[in-house]
Amino acid sequence: LHHSRTVRHPPSRSAGLDASNQASTHELTIPNDLIGCIIGRQGTKINEIRQMSGAQIKIANAMEGSSERQITITGTPANISLAQYLINARFRDVAAMWNDPSSMTTS
């Protein structure tokens, strides 16, 4: 008897999805100083990304002494790639603001 740790979610019969639409999981590691721009104020940005991508996104608590946070994205391959795209787009927005102070909105 060998134990394999591959997590397979049984295909949903009711929805009639094919195997390529099974839920899978993808993990990202994000530096702590960038996690705020992904989460947004009171979680607004991460909730937006969850709604737009249709994926489940879990952000691990910061590990003591670690400068990174683990993000786990669960969903169909399409959901996951959309979530990754949206997260990367957030990084590009923030990098653009850092590199170009004039693009910052002044209140």
- Query: Are there any pairs with C-beta distances below 7 angstrom linking a residue in region 85-98 that is free of Cβ contacts under 8 Å to residues at least 60 places away in the same chain to a residue that is open to solvent by 50 Å² or more (accessible area, probe 1.4 Å) and of a type in the set (A, V, I, L, M, F, W, C), with the two at least 6 apart or on different chains, and if so which?
  - Reply: LEU86/MET52; MET97/MET104
- In this structure, does SER66 turn out to be of a type in the set (Gly, Ala, Ser), exposed (fewer than 11 other Cβ atoms within 10 Å of the Cβ) and modelled with pLDDT under 95? no
- Query: Within the group THR44, THR29, THR6, THR72, which residue is open to solvent by 70 Å² or more (accessible area, probe 1.4 Å) and either at pLDDT 95 or above or charged (D, E, K, R) (or both)?
  - Reply: THR44
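The values are calculated or read from the model by the stated rules, or taken from the named source; none is laboratory data. If you're wondering where the values come from, they're calculated on a predicted model, not measured in any experiment. Heads up, the Cβs are rebuilt from the backbone with ideal geometry, glycines too, and the neighbour counts pull from every protein chain shown. SASA here: full protein model, heavy atoms, side chains in, ligands and nucleic acids out. Shrake-Rupley method; radii C 1.70, N 1.55, O 1.52, S 1.80 Å.
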